[in-house]
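Peer 1: Okay, handing you the structure first.
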Amino acid sequence: MHYHDSRLLKSISALVDFLLILAIFFLSGLLRMISPFGDTFSMNDVYRFMPLSVLYAAVMVMCYWTEGSYQSLHIRSVKRELVKVFVTNLIGFALVATILFVFQLSQFSRLLLVLFYALSVVAIVIKRFVLDKAATWYVLKHNIAARVVIVGNGPMAHRFYKDVVSRHTASMRYVGYLADRPAEDMPDYLGTPLEFHKILQKTRVDHVVIAEETQERHNLQKLISIADTYHIRVSVVPVYNDFVKDTTQVSVINGIHLVDVALVDTCDIMGVHIVVTDMEKTLNLIETKLEEWRGKYICVANVHTTVTAHDDASYRKIQNDAVMALPDGGPLSQYSREHGYQTAQRVTGPDLMKEVLARSAEKGWRNYFYGSTPETLELLRNKIEERYPGVQIAGMMSPPFRDLTPQEDADIVREINAAKPDFVWVGLGAPKQERWMAAHDGRVKALMVGVGAAFDYEAGNIKRAPMWMQKRNLEWLYRLMQDPKRLFKRYFQTNTKFLLWKWRQ
């Protein structure tokens, strides 16, 4: 379980607090009615003060949210939460009193105020205690405790182990620690950071926390790169300012700040983790990670595939299990920029294939092409040999336009692997090509990239939109004019769904 809960859980917890405070006000009003102290108090008085209770509830939820009370369902201790809520509610009452004074509004009955304050403190603390126990029970019942590895054995690592891991045994399962040498007072030494790759191959890890006072940037990037290969969450104590951006999510657990880091940023668009990147960064990353990414795949996402993934959980998992889901569609990179990722740029499948082919002769990369028709593949071969002299074409295959038998599929995998390619370009069209790559994850010994109509573009069967249309996110319109019968329904449905989803955001 992550240290910080999802936005939905935070919102639900805040809504529960809001409704709970309103209920406590109503209860306080009933107690005030039967109280022998003070002036006569009736149900009409309770209703008269109800708008002020709504104001107070809203202010209190705002205070709780600001102080980070919704970051986690877990609490350190009931005593600590009692003090925390006592002080926060006092601040909330002061804010409400200030608002009442400034606008010269009605004031609460003093006895009602005392009852309301005391009961709201108790109710909020009980609610947090119940949620803490419920979250702990759920984690234990479903065995979803995050398996945590610590990097480091200095004071910071000791503090994290003592104040966080050992106190959150229900939501975290300590696996051990990595350091240049073992420490006497930290258990379960796993090895050095240089052995990280081997350790991950034999040990299940969900979360790596880098807790060292000093760390060379190169070594830190190497650890993050390895963890990224295994889709493992990595957090650091934020002394590593180079990795902290405006959009970074900071968690606070028992007074310790954690920042999640990754090899590349991603922006969640309709549930799909779209990479925040540009062409140069993508090419450098592919070159750096090529050997580690053999057997894995890259998805090239557009509005159509993203909407399809939003509606289909299995396809969404395929997109998110890729080493990268690149923003082929202009609206995706534009959405990322609108949400704080200023460096997000479009990286199309045809352009990526061109750039890799342009570097292949120099790098010695071997390229395999899977998909389309024999005629298109032959045209493609001629164009590649003409435009990219020296490129090694490891092979080309046009599979049957039907479901393959298990034997046929095995033969195809054997033939591809025998050609020893570095890249397998898959041009089956979405979502078929992504499903094919996911089904062959680990079986095909090359980096698979789904590029849609890139074969037809490069072969000259389809003309790409003018650059001015590409820059203005109008390439879809150009394609629609070329093939309206096939594309109109798709674009109308998916583009409409995307625009509606974006509007709701």
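Peer 1: Taking the residues in the range 307-333 that are charged (D, E, K, R) and touching a Gly at 6+ places or on another chain (Cβ under 9 Å) as candidates, determine which candidate is modelled with the lowest pLDDT. Give the steps one after another, and end with the answer.
Peer 2: Residues of the range 307-333 that are charged (D, E, K, R), as a first pass: 311-312, 316-317, 321, 328.
Now restrict to residues that are touching a Gly at 6+ places or on another chain (Cβ under 9 Å): 316, 328.
Working: Arg316: 94, Asp328: 91.
Applying the filter and picking the extreme gives Asp328.
Peer 1: Kindly indicate whether Phe86 is aromatic (Phe, Trp, Tyr) and at pLDDT below 85.
Peer 2: no
So that you can scan it fast, the table gives a plain yes or no per residue for (1) closer than 18 Å to Ile416 by Cβ; (2) assigned by TED's automatic domain parsing to the domain that holds Lys445; (3) in a helix (DSSP H, G or I):
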{"position": "Ser333", "(1), (2), (3)": "no, yes, yes"}
{"position": "Tyr341", "(1), (2), (3)": "no, yes, no"}
{"position": "Gln345", "(1), (2), (3)": "no, yes, no"}
{"position": "Met353", "(1), (2), (3)": "yes, yes, yes"}
{"position": "Ala361", "(1), (2), (3)": "no, yes, yes"}
{"position": "Phe369", "(1), (2), (3)": "yes, yes, no"}
{"position": "Glu375", "(1), (2), (3)": "no, yes, yes"}
{"position": "Leu380", "(1), (2), (3)": "yes, yes, yes"}
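Peer 1: Also, I was wondering about something else. Inspect all residues belonging to the range 351-369 and state whether any of them is under 18 Å from Ile286 (Cβ atoms), surrounded by 13 or more Cβ atoms within 10 Å (Cβ to Cβ) and among the acidic types (Asp, Glu).
Peer 2: Among the residues of the range 351-369, at least one is under 18 Å from Ile286 (Cβ atoms), surrounded by 13 or more Cβ atoms within 10 Å (Cβ to Cβ) and among the acidic types (Asp, Glu), which makes the answer yes.
Quick grid of which residues meet (1) buried (at least 16 other Cβ atoms within 10 Å of the Cβ); (2) without any contact (Cβ under 8 Å) to a residue 12 or more places away in the chain; (3) in a loop (DSSP other than H, G, I, E, B); (4) among the hydroxyl-bearing types (Ser, Thr, Tyr):
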site: Trp293; (1), (2), (3), (4): yes, no, yes, no
site: Thr308; (1), (2), (3), (4): yes, no, no, yes
site: Arg316; (1), (2), (3), (4): yes, no, no, no
site: Ser336; (1), (2), (3), (4): yes, no, no, yes
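Peer 1: Taking the range 389-401 on its own, how many of its residues are part of a strand (DSSP E or B) and of a type outside the set (Gly, Ala, Ser)? Give the steps one after another, and end with the answer.
Peer 2: Of the range 389-401, the ones part of a strand (DSSP E or B) are 392-397.
Of the ones still in play, those that are also of a type outside the set (Gly, Ala, Ser) are 392-393, 396-397.
So the answer is 4.
Peer 1: Taking Lys420, is it within 21 Å of Glu287 (Cα to Cα) and of a type in the set (Lys, Arg)?
Peer 2: Numbers: within 21 Å of Glu287 (Cα to Cα): yes; of a type in the set (Lys, Arg): yes.
Against the criterion (within 21 Å of Glu287 (Cα to Cα) and of a type in the set (Lys, Arg)), Lys420 qualifies.
Peer 1: Looking only at the range 256-264, decide whether some residue is in the same structural domain as Asp188 (by TED's automatic domain parsing), at pLDDT below 65, over 30 Å from Thr305 (Cβ atoms) and in contact with a Gly (Cβ under 9 Å, 6 or more places away or on another chain).
Peer 2: No, there is no match, as no residue in the range 256-264 is in the same structural domain as Asp188 (by TED's automatic domain parsing), at pLDDT below 65, over 30 Å from Thr305 (Cβ atoms) and in contact with a Gly (Cβ under 9 Å, 6 or more places away or on another chain).
Peer 1: While we're on this one: Just wondering, is there one or more residues in the range 404-421 that are touching a residue at least 24 places away in the same chain (Cβ under 8 Å), of a type in the set (Gly, Ala, Ser) and in contact with a Lys or Arg (Cβ under 9 Å, 6 or more places away or on another chain)?
Peer 2: Yes - at least one qualifying residue is present in the range 404-421.
Peer 1: Next question. Which of the helices (runs of 4 or more DSSP H) contained wholly in the range 402-505 include at least 2 residues that are of a type outside the set (S, T, N, Q) and buried (at least 20 other Cβ atoms within 10 Å of the Cβ)? I'd like the intermediate steps shown before the answer.
Peer 2: Details: elements: 406-418, 432-439, 454-459, 467-471, 475-482, 484-504.
Output list reads 432-439, 454-459, 475-482.
The values are calculated or read from the model by the stated rules, or taken from the named source; none is laboratory data. Being a predicted model, the structure only gives us computed values, none of them experimental. Counting neighbours? That spans all protein chains shown, and the Cβs are built from the backbone with ideal geometry, glycine included.
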